[in-house]
Amino acid sequence: MHRYQSRSWTALVSAVVLICGPAAVAQQPAPAASGAPAAPPAPPSWAQGRSSAQDKSPLAPHNAPLTAKNAEEIPVDKIKVPDGFEVSLWASGMPNARSMTLGDKGTVFVGSRLVGRVYAVVERDGKREVKAIAQGLHRPNGVAFKDGALYVAELSRILRYDDIENRLDSPPEPKVVYADLPKDEPHGWKFIAFGPDGMLYVPVGAPCNICEPPDTHAQIRRIKPDGAGAEVVARGVRNTVGFDWHPQTRELWFTDNGRDWLTNMQPEEELNRVTKTGQNFGFPVCHAGSILDPEFGKGKSCEGHEPPAALLGPHAAALGMRFYTGGMFPAEYKDRIIVARHGSWNRDVKEGFDVVQVTPQDKGAPLVERFAHGWLEGDKFWGRPTDVQVLRDGSLLVSDDWNGAIYRISHKK
Amino acid sequence: MRRTAAGTPAAPPMRRTLGLPAALLAGLVSHALAAQADNGRELAAACAACHGEGGNSRSEAVPTLAGHPAPYLVVQLILFREQQRRNEIMTPLAKALSDKDIEDLAAYFAGEARAPSPGPADAAATASGKAVADAHRCGTCHLPDYAGREQIPRLAAQREDYLLKTMRDYKSGQRSGLDGMMTSVLHPVTDEQLVALASFLSRLP
């Protein structure tokens, strides 16, 4: 086996040796990266907005590994959940596993941001299996499922894989359903989901840490499943990487990540609620409902901008969220919002790296409480909750792009 | 923290791994580092035709690999394999590599000494390249001595022609890296300044 493989490697390499020369090494353009980004800001988006005092700050985004950890190397017993709940490692071996969606037949589809893959997790003959069903895509972070088809959001295109659950072993070529999207890399990766109105909701993040975004950016829009009829649903949205609809009111709720480099405590991430199409949620003028941006809020006011329904912690990177609609958790969990907090980089003391639950109150702001934690130990973290997904049996999946894994949280009867 | 291919759902081409058999590896746990370097060295023999002995390239526009931070090399090989960075030679080669092979190759090249640079150019050229690097704060991420860290490459003593080609590819968006950051950073930098930068960086020790 080893020898055979070495021969094939040698053969490949010999072929390369023959052609290795300046003429042969021209790099082919990466197709998805073509096209000029809309006025990219400088310095790099993450460092932009730093005050001169912060110029030498050691803080920088955490570099995600592009490999997955082996199951036995993931210390799942370190994850703490409330009494009566338990956690298990549900699937692993999916580098950079991020957003999740559920197929009609129970397949869990998982997008990635950095490795270009989309995964499917299926149960066959009682065995759970992980497959890469698409590779070589450009930031395929978002996945959504409708009428047998898987929709995948690349950075600037929405793709559709028809009849996917019957074709997991030989997925069809995708059809491009929508490509009227900017090509900016900063905040260009997307979470997507179908609303109760049958429309596909597609965010376009701000192409910067803080800037006056073009009219095409910092918004959530919706399109018909065939890509037609685009309409802006919300504006002033810096970068949402998770949303869901209230099971009773059918209103759209979404997480939004606040700007960096203000202070350690400000601004907090937002949990927002859309009560009217076209509302403005404040970016770049007003952060977290009450903080005027020192540059873009000058001489302006927070009035006219929707305040968040709840605050989710400073720089905590609240990403995936779902209303709990299952029947397994205790009754009080019904219609609570479960939020994955990916964890901070732009703060001296780390915040997040956990899963929180948000309980709407009759009066006043919803209650935000910790639900699952343990990925952060002191100043070190070993995992980053990225998205959540309720399964049909009522248990909750939590994806972790740092370990390339998915956990399952269930309630013991 | 070691990540291996065993847990990775490999597409068919990726199953062709070159690593030692798993049972043998398990028996060598106490010599894991040595085994990693050995496997890396064995695999790297194939890279020498283009990237040079010990990863110090003598081929036009082919990068020197010696002395890069290992995580940078891991990321680039995975980006080649996953078709996120496209190159007609590297993409097919990387397809044959498992995660473990990639980590072993990276460990080997990271441990090799980078050949000395040709030394400073004339004072005026050095000054103009340094001024561009300072103005755009390249040393913030690549470190003040341009040795790189983690997923960020070493620039000091890299081949001048490769540095220039790479920066042009980033600027034009042909290469986007993990986050498009280099495209943003180089957006306002003129081609003349890129030439000065490449000259300055390639001649650093």
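The values are calculated or read from the model by the stated rules, or taken from the named source; none is laboratory data. Being a predicted model, the structure only gives us computed values, none of them experimental. We place every Cβ from the backbone using ideal geometry, glycine too, and count neighbours over all the protein chains shown. Each accessible area value is taken on the protein alone, full model and side chains, heavy atoms only, with ligands, DNA and RNA left out. Shrake-Rupley method; radii C 1.70, N 1.55, O 1.52, S 1.80 Å.
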Subject >> Among A:A234, A:A60, A:A97: highest mean-square fluctuation, GNM of chain A, C-alpha pairs under 10 Å >> reply: A:A60
Original post:
Put simply, what bits of the stretch A:109-126 lose 50 Å² or more of accessible area when the other protein chains are there, versus the chain on its own (1.4 Å probe)?
Top reply: A:L114, A:R117
Subject >> Chain lengthening between A:K300 and A:V349 when straightened (0.36 nm per residue, less Cα-Cα) >> reply: 14.5 nm
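Which shape class, rounded, prolate or oblate, goes with the stretch A:158-281 when its Cα gyration tensor gives a ≥ b ≥ c as root eigenvalues, a/c under 1.5 marks rounded, and past that a/b bigger than b/c marks prolate?
prolate
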Subject >> Cα gyration tensor, the stretch B:118-194 - rounded (a/c under 1.5), prolate or oblate >> reply: prolate
**OP:** Choose one answer from A:K127, A:K78, A:K276: the residue with the largest mean-square fluctuation in a GNM of chain A with alpha-carbon springs under 10 Å.
**Re:** A:K127
**OP:** In whole angstrom, note down how far apart the Cα centers of the stretch A:269-295 and the stretch B:191-205 are.
**Re:** 44 Å
Original post:
For the cross-link pairs A:K190/A:K224; A:K69/A:K190; A:K56/A:K190; A:K69/B:K100; A:K80/A:K380, which exceed 19 Å when the distance is taken from alpha carbon to alpha carbon?
Top reply: A:K69/A:K190; A:K56/A:K190
Subject >> Relative contact order %, the stretch A:294-379, counting alpha carbon pairs below 8 Å whose residues are six or more apart >> reply: 23 percent
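Under a 1.4 angstrom probe, counting protein chains only, how are B:M90, A:M321, A:M265 ranked by accessible area, largest first?
Result, largest first: A:M265, B:M90, A:M321.
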Original post:
For chain A, modelled as a Gaussian network with Cα springs under 10 Å, which listed residue fluctuates most, A:R124, A:R341, A:R235?
Top reply: A:R124
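In whole angstrom, how long is each semi-axis of the equivalent ellipsoid of the stretch A:147-226, when you take the square root of 5 times every eigenvalue of its Cα gyration tensor and sort them from largest down?
They are 27, 14, 9 Å, listed from largest to smallest.
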Original post:
How large is the helix-only mean residue ellipticity at 222 nm for the protein assembly as shown, computed as the sum of -39500 (n - 2.57) over DSSP H runs with n ≥ 4, divided by its residue count, in deg cm²/dmol to the nearest 500?
Top reply: -5500 deg cm²/dmol
**OP:** Please calculate the 1.4 Å probe accessible area of A:V87, with all protein chains present, and give it to the nearest 10 Å².
**Re:** 40 Å²
**OP:** Between A:K224 and B:A125, take the C-beta separation as r, use R0 = 51 Å, and let me know the FRET efficiency to the nearest 0.05.
**Re:** 0.30
**OP:** Would you please put A:239-247, A:400-408, A:325-333 in order of how densely packed they are, using the mean number of other Cβ atoms within 10 angstrom per residue and starting with the highest?
**Re:** A:400-408, A:239-247, A:325-333
**OP:** Return the distance in nm (one decimal) between the two label points of a simple spin-label model at B:L143 and B:D38, each offset 7 Å from Cα along Cα→Cβ.
**Re:** 3.0 nm
**OP:** Rounding to the nearest 20 debye, state how big the charge dipole of chain A is about its Cα centre with +1 on each Lys and Arg Cβ and -1 on each Asp and Glu Cβ.
**Re:** 620 debye
Original post:
Summing Lys, Arg as +1 and Asp, Glu as -1, what charge do residues with Cβ under 11 Å from the Cβ of A:W375 carry, A:W375 excluded?
Top reply: +3
Original post:
Stretch A:A71-A:R392 to full length: gain in nm at 0.36 nm per residue minus the Cα-Cα span?
Top reply: 113.1 nm
**OP:** Roll a 1.4 Å probe over the protein heavy atoms and report the accessible area of A:T67 in Å², nearest 10.
**Re:** 10 Å²
**OP:** Among the listed pairs A:K105/A:K334; A:K105/A:K413; A:K105/A:K146, give every one whose C-alpha distance is greater than 21 Å.
**Re:** A:K105/A:K334; A:K105/A:K413
Original post:
Does the stretch A:364-413 classify as rounded, prolate or oblate by the C-alpha gyration tensor (a ≥ b ≥ c root eigenvalues; a/c under 1.5 gives rounded; else a/b over b/c gives prolate, otherwise oblate)?
Top reply: oblate
**OP:** Would you work out the relative contact order for chain A, in percent, from Cα pairs under 8 angstrom that are 6 or more residues apart?
**Re:** 15 percent
**OP:** Along Cα→Cβ, 7 Å out, is where each label goes; now give me the distance between the ones at A:K127 and B:D191 in nm to one decimal.
**Re:** 5.7 nm
Original post:
Carbon and sulfur together cover what percent of the accessible area of the stretch A:88-176 at a 1.4 Å probe radius?
Top reply: 38 percent
Subject >> Relative contact order %, the stretch B:120-205, counting alpha carbon pairs below 8 Å whose residues are six or more apart >> reply: 42 percent
**OP:** Would you mind checking the stretch A:364-394 for residues with the amide N under 13 Å from a putative spin-label position 7 Å along Cα→C-beta of A:K80?
**Re:** A:370-378
Original post:
Viscosity 1.567 mPa s, temperature 4 °C: Stokes-Einstein D of the protein assembly as shown from its Kirkwood Cα radius, in µm² per second?
Top reply: 51 µm²/s
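Grab the Cα-Cα distance for A:A60 and A:Q266, subtract it from 0.36 nm times how many residues apart they are, and report the gain in nm with one decimal. Kindly include the intermediate steps, with their values, before the conclusion.
Numbers: separation 206, 0.36 × 206 = 74.16 nm, distance 1.68 nm.
Taking A:A60 through A:Q266 to full extension adds about 72.5 nm, to one decimal.
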